[in-house]
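Below is one structure; the comments refer to it alone.
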Amino acid sequence: MNDRLYIFDTTLRDGEQSPGASMTAAEKIRIARQLEKLKVDIIEAGFPAASPGDSDAVKMVAKEIRESRICGLARANPGDVEKAAEAVKGANAPRIHTFIATSPIHMKAKLRMSPEDVLEKAVQAVRQARDSVDDVEFSAEDAGRSDEDFLCRVFEAVIDAGARTVNIPDTVGYTMPHQFGDLFARLMERIPNSDKAVFSVHCHNDLGVAVANSLAAVQGGARQVECTINGLGERAGNASLEEVVMAVRTRQDVFSCDTQIDTTQILPASRMVSSITGFPVQPNKAIVGANAFAHEAGIHQDGVLKQRDTYEIMRAEDVGWSANQIVLGKHSGRTAFRDRMSALNIEFGSEAELNAAFGRFKELADKKHEIFDDDLQVLAGEGASQEEPEAIRFIGLKTTSETGGVPVAELSLEYEGETCSSRAEGDGLVDAAFKAVEAVVPGARNLVLYSVNAITAGSDSQGEVSVRLQEDGRIVNGQGADTDIVVASVKAYINGVNKLQVSPQRFNPQSGETI
Ligand code: KIV
Ligand code: ZN
């Protein structure tokens, strides 16, 4: 049995399909670089037929990333396959991933096609993709609810047509682990040319079993798992990469395969995806949640101190948790700053970028005397967002509030090159500050989510604020960080409004909806 398990990361495609998780091309490249450090085998960089912007983002990732294979998604039609081929052609190792639904409900209600027509389209798309690249993957969308005999026919035909990977998705998160694992074993047994392709699994988490289903599929013979960082993805999300990888790595007594993931890069990847998308990680999330390795109960601490594996089945440092030491302070110089950033794998493209980041670091160190690695990660993220030209920039904020009084925010912004001021009252300082932004940049936007997280311990910690804004059916997330959480909130709000001004409508390749 093949002992290599391939990790196919779809954070930039299925993850990005989650409403509010859209990313700019610069953000996609940052994540792709981190995925490359993590040593994922395949990065699904996007759905090029969605828009010229999506296609350009896939092209940029394809050009930038040299170690991982770069994949573009295409529905099984000539136009999509052509656009995917064009977008991935600059990659060192390009892949086209084409799909069509095979379940009775999808074929009848969504595609309005007969099973024979679906089979023919699948084969044609794979053939066309093979004309451009050697590495073609085919997915039978909603395989979890498809007829098994039909799946056998479709997979046999697409493997004959040149598909090297066949993916079996549980698109709606419906199957149960024992059923899904058995399905893989039976399909591999029944399909005569199954030895000519890698069998892949792709699970959604609607019933909370995406990781369990993926692991059951691996037990059944799958050798590629499609997953996302932090389990980001449509609805309840996709199988989480960190959980799949660590389950297989930790239980080598159970699995007869392993990945080549550099697990120490897991936490930086999780932090990056969370801060770029504004989807926070719940504290009790396995592997990457703040409590995942915290042994709070006295009895556990005692046991862990005597012998750590009494309660710990993995080592925190193996997934990138290091003791969150104070690393820099107000008196640290440029060299110390650059060395620490480089230890965190944060490199600067030019002296100007380093100087700008060092300036932000000095500002922060004036407010907060002890600077931790997590503060530096956020600082790097702020730099990346400043690479995009922004119509609105924060200048300053004065707030007044007292018990029983009306909170007031006085705000200065730069808007399209002009300095603008506004004053607003509100139900609390955050509300007043958001109204002050609205007074300068009016719009019909709704705030659908607001959350604050402390980046480090201590009351002088920076607060990282995420907001989700909705306008004309479009949803974006904005982020901001500061030691003053009202300022962090305004920065997050402005970041969201800036994104609404530039981000185009997005097209979902599966539902066909535009958001
Ligand atoms: O969930 C799904 O079926 C997909 C396919 C496009 C692979 O994301
Ligand atoms: Zn999916």
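The values are calculated or read from the model by the stated rules, or taken from the named source; none is laboratory data. These figures come from a predicted structure and were not determined experimentally. Note that each Cβ is placed from the backbone with ideal geometry, even for glycine, and that neighbours are counted across all protein chains shown. The protein model used for the area step is the full one, side chains on, heavy atoms only, and it has no ligands, DNA or RNA in it. Shrake-Rupley method; radii C 1.70, N 1.55, O 1.52, S 1.80 Å.
Structure above, values below:
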item	result
Top positive-direction residue, dipole computed over the chain with Cβ charges, set Ala197, Ala21, Met60	Ala197
Surface share of carbon and sulfur [accessible, 1.4 angstrom probe, percent] for the stretch 387-502	46
Filter on Lys435/Lys499; Lys28/Lys398; Lys37/Lys63; Lys28/Lys110 - keep pairs with C-alpha separation over 25 Å	Lys28/Lys398; Lys28/Lys110
Per-q log10 I(q)/I(0), the chain, q = 0.09, 0.12 Å⁻¹ (Debye; single scatterer per alpha-carbon; no solvent)	-0.68, -1.12
Candidates per trypsin sites (Lys or Arg not before Pro) in the stretch 328-368, loop by DSSP, up to 14 other Cβ within 10 Å	Lys330
For Phe372, solvent-accessible area (1.4 Å; no DNA, RNA or ligand), Å²	30
Sparse-neighbour loop sites [GluC sites (Glu not before Pro); the stretch 317-380; at most 14 other C-beta within 10 Å; DSSP]	Glu347
Centre separation in Å (Cα based) which lies between the stretch 433-477 and the stretch 32-89	30
Per residue accessible area in Å² of the chain, where ligands, DNA and RNA are left out and the probe is 1.4 Å	43
Base-10 log of normalised Debye intensity for the stretch 195-310 (one unit scatterer per alpha-carbon) at q = 0.15 Å⁻¹	-0.75
Leading residue at positive end of dipole, the chain (Cβ point charges), from Leu119, Ala356, Val465	Leu119
Candidate residues His331, His369, His204: accessible-area rank, largest first, probe 1.4 Å	His331, His369, His204
Extension reserve of the Lys330-Tyr415 stretch, reckoned as 0.36 nm per residue once the Cα distance is removed	27.4 nm
Among beta bridges that DSSP assigns inside the chain, antiparallel share in %, nearest 5	50
Helix axis angle, 177-190 relative to the chain longest principal axis, alpha carbon, degrees	40
Principal-axis tilt of helix 52-64 within the chain, Cα atoms, nearest 10 degrees	90
Kirkwood Rh (inverse of mean 1/r, distinct Cα pairs), the stretch 1-150, angstrom	15.8
Shape call, the stretch 422-515: gyration tensor on alpha carbons, a/c limit 1.5	oblate
Electrostatic dipole magnitude of the chain [Cβ: Lys, Arg +1; Asp, Glu -1; Cα centre; debye, to 20]	380
Largest to smallest accessible area among Tyr493, Tyr415, Tyr450 [probe 1.4 Å]	Tyr450, Tyr415, Tyr493
Lys, Arg +1 and Asp, Glu -1 on Cβ, resulting dipole of the stretch 3-277 about Cα centre, debye, nearest 20	480
Kirkwood Rh in Å, taken over all unlike Cα pairs in the stretch 317-385	12.3
By accessible area with a 1.4 Å probe, ligands and nucleic acids excluded, highest first: order of Ile159, Ile395	Ile395, Ile159
Chymotrypsin sites (Phe, Trp or Tyr not before Pro) restricted to the stretch 308-364 and DSSP loop, no more than 16 other C-beta within 10 Å	Tyr311
Crossing angle, helix 373-386 versus the chain [Cα axis fit, 0-90 degrees, rounded to tens]	80
Within the accessible area of the stretch 3-277 (1.4 Å probe), percent carbon and sulfur	49
